[in-house]
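The values are calculated or read from the model by the stated rules, or taken from the named source; none is laboratory data. It should be emphasised that the depicted structure is a prediction, and the values quoted were computed from it without experimental measurement. Cβ atoms come from the backbone with ideal geometry, glycine included; neighbour counts cover every protein chain shown. Ligands, DNA and RNA are excluded from the accessible area calculation, which covers all protein heavy atoms including side chains. Shrake-Rupley method; radii C 1.70, N 1.55, O 1.52, S 1.80 Å.
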Protein chains: 2
Amino acid sequence: MKSDIILLGHGSGGKLSHELLDDLIVPILSGIGQRDQNDAAVLTQQQGRLAFTTDSYVVDPIFFPGGSIGSLAIHGTINDLAMAAAMPIGISVGLIIEEGLAVSTLRTILEDMSAAAEKSGVRILTGDTKVVPRGKVDKIFINTSGIGVMEHDLDISGHNARVGDKILINGTIGDHGMAVMASREGLALDSDITSDSAPLNSLVADLIHGVGGQLHALRDPTRGGVATTLKEIAIQSEVEITLRENSLPVGSTVAAACSILGLDPLFVANEGKLLAFIAPEAAEQALMIMRSHEFGKRAAIIGEVTSTNKGKVRLQTTIGGLRAIEMLAGEQLPRIC
Amino acid sequence: MKSDIILLGHGSGGKLSHELLDDLIVPILSGIGQRDQNDAAVLTQQQGRLAFTTDSYVVDPIFFPGGSIGSLAIHGTINDLAMAAAMPIGISVGLIIEEGLAVSTLRTILEDMSAAAEKSGVRILTGDTKVVPRGKVDKIFINTSGIGVMEHDLDISGHNARVGDKILINGTIGDHGMAVMASREGLALDSDITSDSAPLNSLVADLIHGVGGQLHALRDPTRGGVATTLKEIAIQSEVEITLRENSLPVGSTVAAACSILGLDPLFVANEGKLLAFIAPEAAEQALMIMRSHEFGKRAAIIGEVTSTNKGKVRLQTTIGGLRAIEMLAGEQLPRIC
């Protein structure tokens with residue numbers, strides 16, 4: 001790259017655009033090869049139903065403990081496909097960059113994307129870059145879309161939670177949201193909070209392999225947190241969910257930071273967690289599968305589907321009461337992902 | 001919608017996000033149904049190779065003669081798939097909205113997207129919405145990604161232009177770029193310039209049906225215009241291209257506006273045009289197919305592939321000279337798409 005910063009011309013489609021592509025983007029995101037200058041990537045015929053998803057990432061700051069906007073964008077789209085019980089086969093990357101961004105910053109973000117994709121076994125297939133004048137976007141926003149393939153006929157969906165199902169989570173809650181908040185606000189904590197951003201495709205593959213049709217629903221509790229996600233499923237599946245507060249895994253530093261900021265970890269975003277609704281007879285097996293996976297060591301059964309009382313979520317508190325859980329009403333943490 | 005403007009909470013994932021989805025987005029983009037709250041859309045197994053593409057749209061202004069950021073985002077991704085000789089089967093929509101955008105503005109943009117998709121016979125399958133604080137993005141940016149299916153074994157690509165091929169375009173050049181520029185700069189012209197933004201999937205289907213394997217390469221001359229696009233193909237296919245200036249279709253108002261602003265229409269963006277490289281024996285037939293299509297009435301043969309002099313593009317000027325064409329060097333028209 002001849003320039004140290006991104007110029008408007010890098011988004012022109014002309015000579016500088018080709019230089020950015022040839023000297024920086026293609027060497028790092030190697031899946032976006034020369035062929036991609038043909039507007040679209042071509043994939044061989046796939047066996048099975050397809051899943052298709054999109055997400056834009058606007059996280060602030062763009063680097064935080066445990067990740068960056070780059071790794072987050074790859075993990076997030078992998079996870080959206082995994083939650084549809086689909087194995088990711090390819091990801092697209094749409095970059096919107098503010099004029100003046102340091103090329104070294106862009107390089108680090110692209111390297112994070114490449115490393116995240118490689119570690120997850122997912123290919124980045126195609127991309128697009130736009131540059132807008134200073135002040136028209138904040139540093140960089142990234143869209144990732146993804147295609148996955150479903151090599152099974154299971155109906156794993158938010159409509160399919162059933163009375164009696166146990167609800168499992170693969171670890172502690174609130175880590176991503178509090179890592180971003182602590183880093184944005186410059187909170188001085190005893191120990192750093194690290195984002196849980198992680199790809200969940202292989203954990204989902206293990207669950208499907210292990211318990212198959214006894215896995216009824218999967219969802220990743222991102223924006224809005226565990227509370228909002230469970231409320232969605234309670235509405236979609238027309239059931240009532242009961243959570244046990246003393247079963248919820250919360251890291252001690254996250255709990256402390258939430259307390260300082262007056263936040264409830266149940267509503268804080270996660271980026272490496274999934275909620276699984278499992279038939280009761282398979283719940284212990286699913287828990288063991290989770291705990292033996294790199295991203296499930298602190299997995300727990302946090303509640304169950306208790307009745308067909310449509311759309312209700314109740315929290316059984318540590319002191320023995322029952323609290324109704326509603327969706328997050330306003331904006332708790334803007335630009336968390 | 002209870003609010004007249006978009007609030008940060010509409011991007012929270014919580015109650016306001018669900019209200020935006022249920023009251024505005026889903027009713028207009030009906031393909032994004034309730035099921036979509038399952039993170040990803042599910043498609044049946046497809047017969048044929050797949051094409052996958054992504055594009056972000058940051059056009060300024062968001063409404064211009066002949067379209068809006070909404071219709072442009074749909075047409076653009078349809079066209080990227082069509083240029084890979086794939087028929088679009090589904091599109092994703094990622095919205096990044098500035099806090100404070102009028103809900104009525106968003107409604108119009110979504111209606112434009114819906115109408116463009118419907119007119120093209122393409123389904124919008126899945127979406128994502130982020131809201132960022134005022135000043136962190138300019139009004140609205142939209143990413144669209146798309147999946148297409150190739151129901152043939154043809155190799156239609158920018159690597160496949162061959163010596164002797166005729167180069168066809170389906171109409172006048174520079175309309176989109178000059179419509180956006182004129183509207184941005186408030187140019188007073190004798191008559192309005194209208195963007196050529198249009199979906200080219202059915203025109204491409206007609207060409208494939210009519211001339212099949214004699215269609216060697218397709219590319220839409222968007223950012224960087226016809227000149228940059230031809231230069232790309234000359235490099236990829238390792239050939240020399242010769243254009244005839246007096247064959248290039250340019251509208252008179254576009255020519256006048258280019259002249260005022262000191263721009264060359266060969267470098268100005270189009271959003272409803274394609275360049276087709278056709279074996280010489282099929283060129284007249286392809287021209288007739290184009291001219292009988294709604295989006296090809298002013299189609300023309302504008303040049304040919306003249307030798308294996310790698311990566312050269314030459315313009316035979318009206319006065320008889322030969323001018324070498326290079327890629328656009330800097331940024332001619334920022335935020336044109």
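Values for this structure:
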item: Qualifying residue in the range A:153-175 (condition: in a helix (DSSP H, G or I), modelled with pLDDT under 95 and not assigned by TED's automatic domain parsing to the domain that holds A:Asn79); result: no
item: Some residue of the range B:287-298 being part of a strand (DSSP E or B) and open to solvent by 20 Å² or more (accessible area, probe 1.4 Å); result: no
item: Test result for B:Ser157, within 7 Å of another protein chain (Cβ to nearest Cβ), of a type in the set (Ser, Thr, Tyr), within 24 Å of A:Asp138 (Cα to Cα) and out of contact with any Cys (no Cβ under 6 Å at 6 or more places or on another chain); result: no
item: Among the residues listed as B:Ile89, B:Ile97, the single one being in contact with a strand residue (DSSP E or B) (Cβ under 8 Å, 6 or more places away or on another chain) and at pLDDT below 95; result: B:Ile89
item: Residue match in the range A:120-130 (condition: out of contact with any Lys or Arg (no Cβ under 7 Å at 6 or more places or on another chain), among the aliphatic types (A, V, I, L, M) and open to solvent by 50 Å² or more (accessible area, probe 1.4 Å)); result: no
item: Residue list for the range A:117-150, filter: outside any strand (DSSP E or B), over 17 Å from B:Lys139 (Cα atoms) and of a type outside the set (Val, Ile, Thr); result: A:Ala117, A:Glu118, A:Lys119, A:Ser120, A:Gly121, A:Arg123
item: Conditions (1) within 13 Å of another protein chain (Cβ to nearest Cβ); (2) surrounded by fewer than 24 Cβ atoms within 10 Å (Cβ to Cβ); number of the one not met by B:Thr108; result: (1)
item: Positions within the range A:93-110 being under 30 Å from B:Ile89 (Cα atoms) and in contact with an Asp or Glu (Cβ under 8 Å, 6 or more places away or on another chain), in sequence order; result: A:Val93, A:Gly94, A:Leu95
item: Filtered residue count, the range B:37-51, keeping only those that are crowded, with 19+ Cβ neighbours inside 10 Å and of a type in the set (Val, Ile, Thr); result: 1
item: Qualifying position, being more than 30 Å from A:Leu215 (Cα to Cα) and either among the aromatic types (Phe, Trp, Tyr) or at pLDDT 95 or above (or both), among A:Ile69, A:Ile32; result: A:Ile69
item: The range B:52-79, subset open to solvent by 10 Å² or more (accessible area, probe 1.4 Å) and within 12 Å of chain A (Cβ to nearest Cβ), residue farthest from B:Met178 (Cα to Cα); result: B:Asp55
item: Test: A:Ile32 is touching a Ser or Thr at 6+ places or on another chain (Cβ under 8 Å) and in a loop (DSSP other than H, G, I, E, B); result: yes
item: Sole exception among (1) at pLDDT 95 or above; (2) under 25 Å from A:Asp39 (Cα atoms); (3) out of contact with any Cys (no Cβ under 7 Å at 6 or more places or on another chain) for A:Tyr57, by number; result: (3)
item: Residues that are more than 15 Å from A:Leu29 (Cβ to Cβ) and in contact (Cβ under 8 Å) with a residue 60 or more places away in the chain, drawn from the range A:104-130; result: A:Ser104, A:Gly121, A:Lys130
item: Flag if B:Asn160 is surrounded by fewer than 24 Cβ atoms within 10 Å (Cβ to Cβ) and in contact (Cβ under 8 Å) with a residue 60 or more places away in the chain; result: yes
item: Criterion (without any contact (Cβ under 8 Å) to a residue 60 or more places away in the chain and of a type outside the set (Phe, Trp, Tyr)) met by exactly one of B:Ile28, B:Ile96; result: B:Ile96
item: Residue check, B:Lys310 exposed (fewer than 15 other Cβ atoms within 10 Å of the Cβ), within 25 Å of B:Ala82 (Cα to Cα) and in contact (Cβ under 8 Å) with a residue 40 or more places away in the chain; result: no
item: Qualifying helices (runs of 4 or more DSSP H) (wholly inside the range B:188-274; at least 1 residues being away from chain A (no Cβ under 14 Å), open to solvent by less than 40 Å² (accessible area, probe 1.4 Å) and not β-branched (Val, Ile, Thr)); result: B:201-211, B:252-261
